[in-house]
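Reading through the structure tokens given below for one structure.
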Amino acid sequence: MDTEFVREKTYWPELCLVQLAGKGKVYLLDAVAPGIDLSLLLPLLTAQSVIKVFHAAQQDLEIFLHLFNILPTPVFDTQIAAMVAGFGNQIGYDSLVDSLLKVAIDKSHRFSDWAMRPLTAAQQNYAAADVTYLWDVYLILLEQLTKTNRTSWVAAEIKILSDPEFFAPSMDKIWKRLRPRTGNRRVLGCLYAIIQWREQEAQRLNIPRQHLVRDESLLAIAAALPDSVKALSRIRGISQGFADSKEGGSLLSVIKTVKNTELDTLPLPVSDESNKRKPSEAIISLLKVLLQAKCEAYQVAPKLVVDSKDIENLALGRRDLPVLVGWRRDVFGQDAVDLCNGQLILGVQDQKIEIIKR
């Protein structure tokens, strides 16, 4: 399965096309055709006896979750499987097809406007190609994973895609990205509140969050704490029309609520980064060398095993990390702990990294 969609002007992706392929057959479903009933896909999407194979499934699954309030199950993601099978970090579908089947796919229509009708023959051929070879790619990867006893690795990664919470916008990520270095708890409280307000309004209006209020305007609003339409319209990036609108009034109400909130219930100031314990760059470098060596030996993508933040956490001595659970512990985590504890030495033998247990 695959989908084509547009979302440049909307908060939610607008589904335009659904591609389906079985053994030897390909179907293109025009999702914007007048009167089409896409709910007829539900029996297929929810059938437990039918594995739905996608490549880089996250955005496709998000579409079905928004459309039907359900996630397709069971799912197999060939990009995740390829990372486990040693094809590098987030390999593209065309590269994977070329590598496994020696077939070159024309990707010149990747950035087509899929909402425009009629679709050209070239667009239809491009869309069909995205699922035509997925069947064979799936079978080859499944065979490789079975031979190396890694099907459980892939299943553990794909399980995340069955949780609707995984697809929810992360307020914490937006907050951490925008959170200013200030000790003013009122400003911090206002910023957090209007970030939440923007997300809810953008979803309600179905427009991109930045089209509603840009990040830099949110920061300026939190710092100024405007209490009137006139004061709001003076914020850079805020038009008089917006300040006078229903949304502008709603935003001012949020700010007023924060102003009337008890100070000790508002977010704490950002801690001084200079006072935080920082990991040794030398230890981080050693851990990265170990990671690369282990991933080469196991033929698995490093990005799938551990991210850079948890490399730092390992160097700092933290042991409550995902990399120390399950297959990740076997591939890298335990050796990483041993290296940090002085129980493992890295050397070079015959132009290869040698891992020596003490």
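Relative to the Cα centre, the charge distribution of the chain, modelled as +1 at Lys and Arg Cβ and -1 at Asp and Glu Cβ, gives a dipole magnitude of about 1020 debye. Label separation (ILE207 vs ASP37): 3.5 nm, computed from points 7 Å beyond Cα along the C-beta direction.
Listed by number, the DSSP H helices of the chain that run 27 Å or longer by alpha-carbon position along their axis and have mean Kyte hydropathy of at least -1.0 are 185-205.
The relative contact order of segment 34-158 comes to 24 percent, based on Cα pairs under 8 Å that sit 6 or more residues apart. For LEU268 and GLN200, the FRET efficiency from 1/(1 + (r/R0)^6), where r spans their Cβ atoms and R0 equals 35 Å, is about 0.90.
Taking Lys and Arg as +1 and Asp and Glu as -1, the other residues whose beta-carbon sits under 13 Å from that of LEU324 total -1.
Taking the Cα centre of segment 2-167 as origin and assigning +1 to Lys and Arg Cβ atoms and -1 to Asp and Glu Cβ atoms, the resulting dipole is close to 340 debye. Across the cross-link table entries LYS9/LYS107; LYS309/LYS357; LYS102/LYS173; LYS9/LYS259; LYS256/LYS309, which are compared at the Cα atoms, the separations over 31 Å belong to LYS102/LYS173; LYS9/LYS259; LYS256/LYS309.
From the C-alpha coordinates alone, can you work out the Kirkwood hydrodynamic radius of segment 178-265, in Å? Its Kirkwood hydrodynamic radius stands at 13.0 Å.
When only DSSP loop residues count, what chymotrypsin sites (Phe, Trp or Tyr not before Pro) in segment 97-146 have their Cβ near at most 14 other Cβ atoms within 10 Å? Mind showing how you got there, number by number?
On the way: sites: PHE111, TRP114, TYR126, TYR133, TRP135, TYR138; in loops: PHE111, TRP114, TYR133.
Of the chymotrypsin sites (Phe, Trp or Tyr not before Pro), the ones in loops of segment 97-146 whose Cβ has at most 14 other Cβ atoms within 10 Å are PHE111.
Sites counted here are GluC sites (Glu not before Pro) in a DSSP loop (not H, G, I, E or B) having no more than 10 other Cβ atoms within 10 Å; the longest part of the chain that contains none of them is 9-261. With a Förster radius of 30 Å applied to the C-beta separation of LEU101 and ARG319, the computed FRET efficiency comes to 0.10. Note on segment 197-311: Cα Rg divided by 2.2 N^0.38 Å, N the number of residues, gives 1.68. Pairwise Cα separations in segment 252-358 fall into 5 Å bins from 0 onward with the following percentages, short to long: 2, 10, 19, 18, 13, 7, 6, 6, 6, 5, 4, 2, 1, 0. Taking the three principal axes of the alpha carbon atoms in segment 305-353, the coordinate ranges are 35, 21, 18 Å, sorted in descending order. Using the Stokes-Einstein relation with a Kirkwood hydrodynamic radius computed over Cα pairs, the translational diffusion coefficient of segment 21-145 at 20 °C and a viscosity of 1.002 mPa s comes to 136 µm²/s. Contact order, relative form, for the chain: 15 percent (alpha carbon pairs under 8 Å, 6 or more residues apart, mean separation divided by residue count).
What's log10 of I(q)/I(0) for the chain at q = 0.09, 0.13, 0.15 Å⁻¹, Debye sum over Cα points only, no solvent? Result of the Debye calculation: -0.73, -1.16, -1.23. Modelled label positions at SER233 and LYS159, each set 7 Å beyond Cα in the direction of Cβ, lie 5.7 nm from each other. Accessible area of MET116 (1.4 Å probe, protein heavy atoms only, ligands and nucleic acids ignored): about 120 Å².
In this rough spin-label picture, where each label sits 7 Å from Cα along the Cβ direction, the THR257-SER108 distance is 5.3 nm.
The values are calculated or read from the model by the stated rules, or taken from the named source; none is laboratory data. Quick caveat, the model's predicted, so the values are computed rather than measured. Here Cβ is always computed from backbone atoms with ideal geometry, including for glycine, and neighbour counts include all displayed protein chains. Heavy atoms of the whole protein, side chains included, go into the accessibility calculation; ligands, DNA and RNA do not. Shrake-Rupley method; radii C 1.70, N 1.55, O 1.52, S 1.80 Å.
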